[in-house]
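Engineer: Handing you this structure, nothing more for now.
The values are calculated or read from the model by the stated rules, or taken from the named source; none is laboratory data. Everything quoted here is computed from the prediction, not taken from an experiment. Positions of Cβ are generated from backbone atoms using ideal geometry, with glycine treated the same way; all protein chains shown enter the neighbour counts.
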Amino acid sequence: MLRHFSTLSPVVTMSQEVPAERTFPDGFRWGTATAAFQIEGAVNEDGRGTSIWDTFVRTSDQMLVDDNADVADDHYHRYREDVALMKSLGTSTYRFSISWPRIFPEGTGQPNQKGLDFYNRLVDELLANGIEPFATLYHWDLPQALQDRGGWENRHTAQAFAEYAGFIAEHLSDRVRHLFTINEGSLVVGNGYGNGTFAPGLILPAAQLNQVRHHVILAHGLAVQAIRAGGGSDTKVGPAENFNVVAPVIETPENVRAAEVALRELNAGYLTAILEGAYPGAYLEAAGPDAPRFTDNDMHTIGSPVDFVGVNIYMVNQYVRATEAEPGYEVIPFSASHPLAAIWHRITPESLYWGPKLLHDVWNPQEIYVTENGCSTSDQVAVNGSVNDTDRVTFLRSYLGQLQRATAEGVPVRGYFLWSLLDNFEWLFGYSNRFGIHHVDFETQKRTPKLSASYYREIIRRNAVV
Ligand code: PNW
């Protein structure tokens, strides 16, 4: 009889707001994310130097649209309005990036006080509204002056980055406690120097490409050290990497084990090197004579302990299953592609479970942040001005349900930054790809919350997937 009653108990809990099993841990940080070049505009204001993306959007035949980021979201002037949008969402955190050429217009040397002042104003405005700032130091806008000296092909750029990172730690870490070094080193290298689709648009042979990759992760490690030296004792630092998210195609113990093996190997030159302080033997063997040149001290620097791992997760990059033969896993090719507005994007909600879960299983970081997740959809503005982006709501509901599973299983994910607060300059796609939960009319700069903004507000309010 008692048992019979207890099976009925869910009926009683229906009066509660949300079933307990859908909630996130107490203190979970909800935020949005942006990047300087994509939203700030004001490219010639207050002494900002030129970045490689200013050059690229004007000169590259890789651009898919004839747009530039000279004005973008005009966030440089409208940051107060944008902070008010965050406040209205109820977010407790915000991830933005600092434009290196605003701080060091020539990459190194004389800092530009007016550039720093902008970030002082932004940080103060965030804090005044109860929003904790998380700052990324490098979101792809390398000072052109450094590119003129070889960019990331030149080992000196890693040193210049560390000086800039140390400067930011000295001047902002009294209020900015969380710093991310490099956003998506894998795309900086792969797209910037491998296939030429991102600035600076180079296509290098393997040996040089591997050396560029080494310099980028070395820059990360040197920056971690410079931040420890220049920042406050409570300053926390880590990468924000777009790693290869591996998932077992069917969840069996063998396939999960295979996915762990694959995760280390498929991220060899980035997260694996950073979190282990060494390149896996298989990576160096596969590169053979094209392997990067490095010292033991380099690897020690690259492996500098981080406080957290930030990961941008948009999708599963490789589904795998176990094999008898070496290396113990097999990558399953994708079937048909998916109908999101960003052509590279596949709807794979379980990436938000397997990404953090396997990261935790393999490297056991103390804290994980999902530094980006989101999608672009074809957002039509209705006659009454509303944007009913039900595709994005569905996307978020399914992805966040998977993230919730990870936290419920004890994976130490501490926060989630939705990409993006606003529609913005989406690189090669210019303004034609809209990732925002606020619609932006780029003629008038009017911001309009989309349906997804209401949805996100509700998730934050309940700290649960609704
Ligand atoms: C990230 N892919 O880029 C960047 O960090 C953001 O600046 C960007 O706006 C956002 O995601 C949306 O694209 C990516 O091909 C670009 O897998 C391409 C891929 C992933 C992330």
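Engineer: Go through the residues of segment 330-348 one by one and say whether even a single one is surrounded by fewer than 22 Cβ atoms within 10 Å (Cβ to Cβ), charged (D, E, K, R) and more than 23 Å from the chain's Cα centre (by Cα).
Structural biologist: The answer is yes; a qualifying residue exists.
Engineer: Looking only at segment 409-438, count how many residues are within 16 Å of the ligand (Cβ to nearest atom) and outside any loop (DSSP other than H, G, I, E, B).
Structural biologist: At the first step, the residues of segment 409-438 found to be within 16 Å of the ligand (Cβ to nearest atom) are 416-438.
After this cut, where a residue has to be outside any loop (DSSP other than H, G, I, E, B) as well, the list is 416-419, 427-432, 438.
Final tally of qualifying residues: 11.
Engineer: Identify the residue in segment 147-189 that is of a type in the set (D, E) and assigned to a loop (DSSP other than H, G, I, E, B) and, among all such residues, is farthest from G221 (Cα to Cα).
Structural biologist: Taking segment 147-189 first, the residues of a type in the set (D, E) are 148, 153, 163, 170, 174, 184.
Add one more test, that the residue is assigned to a loop (DSSP other than H, G, I, E, B), and what stays is 148, 174, 184.
Working: D148: 23, D174: 22, E184: 14 Å.
Looking at the filtered set, the residue picked out is D148.
Engineer: Taking segment 439-453 as the region of interest, how many residues are surrounded by fewer than 24 Cβ atoms within 10 Å (Cβ to Cβ), hydroxyl-bearing (S, T, Y) and not in a loop (DSSP other than H, G, I, E, B)?
Structural biologist: Qualifying residue count for the region: 1.
Engineer: Then there is this: If Q147 passes every condition in (1) within 16 Å of the ligand (Cβ to nearest atom); (2) under 21 Å from F425 (Cβ atoms) but one, which one does it miss?
Structural biologist: In the conditions (1) within 16 Å of the ligand (Cβ to nearest atom); (2) under 21 Å from F425 (Cβ atoms), Q147 misses (1) alone.
Engineer: Which ones in segment 112-144 are within 16 Å of the ligand (Cβ to nearest atom) and either assigned to a helix (DSSP H, G or I) or modelled with pLDDT under 95 (or both)?
Structural biologist: Result: no residue meets the conditions.
Engineer: If you check A259 against the conditions, is it of a type outside the set (S, T, N, Q), surrounded by 24 or more Cβ atoms within 10 Å (Cβ to Cβ) and in contact with a Pro (Cβ under 6 Å, 6 or more places away or on another chain)? Write out each step before concluding.
Structural biologist: Values: of a type outside the set (S, T, N, Q): yes; surrounded by 24 or more Cβ atoms within 10 Å (Cβ to Cβ): yes; in contact with a Pro (Cβ under 6 Å, 6 or more places away or on another chain): yes.
Yes, satisfied.
Engineer: Can I ask one more? Hey, does segment 267-279 have a residue that's in contact (Cβ under 8 Å) with a residue 12 or more places away in the chain, farther than 30 Å from V176 by Cα and either within 16 Å of the ligand (Cβ to nearest atom) or β-branched (V, I, T) (or both)?
Structural biologist: No: segment 267-279 contains no residue that is in contact (Cβ under 8 Å) with a residue 12 or more places away in the chain, farther than 30 Å from V176 by Cα and either within 16 Å of the ligand (Cβ to nearest atom) or β-branched (V, I, T) (or both).
Engineer: Going through segment 334-356 one residue at a time, which ones are touching a strand residue (DSSP E or B) at 6+ places or on another chain (Cβ under 9 Å) and away from the ligand (no atom under 15 Å from the Cβ)?
Structural biologist: Let us first name the residues in segment 334-356 that are touching a strand residue (DSSP E or B) at 6+ places or on another chain (Cβ under 9 Å), namely 334, 348, 350-356.
The answer is E350, Y353, W354, P356.
Engineer: Also, I was wondering about something else. May I ask you to verify whether D379 is within 16 Å of the ligand (Cβ to nearest atom), among the charged types (D, E, K, R) and buried (at least 16 other Cβ atoms within 10 Å of the Cβ)? If you could, list the steps in order and put the result at the bottom.
Structural biologist: On the way: within 16 Å of the ligand (Cβ to nearest atom): yes; among the charged types (D, E, K, R): yes; buried (at least 16 other Cβ atoms within 10 Å of the Cβ): yes.
Judged against the criteria, D379 is a match.
Engineer: Does any residue of segment 361-368 turn out to be part of a loop (DSSP other than H, G, I, E, B), within 16 Å of the chain's Cα centre (by Cα), of a type outside the set (S, T, N, Q) and more than 16 Å from the ligand (Cβ to nearest atom)? Give the steps one after another, and end with the answer.
Structural biologist: Initial filter on segment 361-368 (part of a loop (DSSP other than H, G, I, E, B)): 364-367.
So of that shortlist, the ones also within 16 Å of the chain's Cα centre (by Cα) come out as 367.
So of that shortlist, the ones also of a type outside the set (S, T, N, Q) come out as 367.
Restricting the remaining residues to those that are more than 16 Å from the ligand (Cβ to nearest atom) gives 367.
Among the residues of segment 361-368, at least one is part of a loop (DSSP other than H, G, I, E, B), within 16 Å of the chain's Cα centre (by Cα), of a type outside the set (S, T, N, Q) and more than 16 Å from the ligand (Cβ to nearest atom), which makes the answer yes.
Engineer: If K87 satisfies every condition in (1) more than 22 Å from A145 (Cα to Cα); (2) part of a loop (DSSP other than H, G, I, E, B) but one, which is the exception?
Structural biologist: That leaves (2) as the condition not met.
Engineer: Is it the case that segment 226-237 has a residue that's outside any helix (DSSP H, G or I) and without any contact (Cβ under 8 Å) to a residue 40 or more places away in the chain?
Structural biologist: In the first step, residues of segment 226-237 are kept if they are outside any helix (DSSP H, G or I); the result is 231-237.
Okay, now just the ones that are also without any contact (Cβ under 8 Å) to a residue 40 or more places away in the chain, so 233.
Scanning segment 226-237 turns up at least one residue that is outside any helix (DSSP H, G or I) and without any contact (Cβ under 8 Å) to a residue 40 or more places away in the chain.
Engineer: What number of residues in segment 97-132 are hydrophobic (A, V, I, L, M, F, W, C) and either surrounded by fewer than 16 Cβ atoms within 10 Å (Cβ to Cβ) or out of contact with any strand residue (DSSP E or B) (no Cβ under 6 Å at 6 or more places or on another chain) (or both)? Reasoning before the result, please.
Structural biologist: Initially, segment 97-132 is screened for residues hydrophobic (A, V, I, L, M, F, W, C), giving 98, 100, 103-104, 116, 118, 122-123, 126-128, 131.
Checking which are either surrounded by fewer than 16 Cβ atoms within 10 Å (Cβ to Cβ) or out of contact with any strand residue (DSSP E or B) (no Cβ under 6 Å at 6 or more places or on another chain) (or both) leaves us with 103-104, 116, 118, 122, 127-128.
Summing the residues that are hydrophobic (A, V, I, L, M, F, W, C) and either surrounded by fewer than 16 Cβ atoms within 10 Å (Cβ to Cβ) or out of contact with any strand residue (DSSP E or B) (no Cβ under 6 Å at 6 or more places or on another chain) (or both) in segment 97-132 gives 7.
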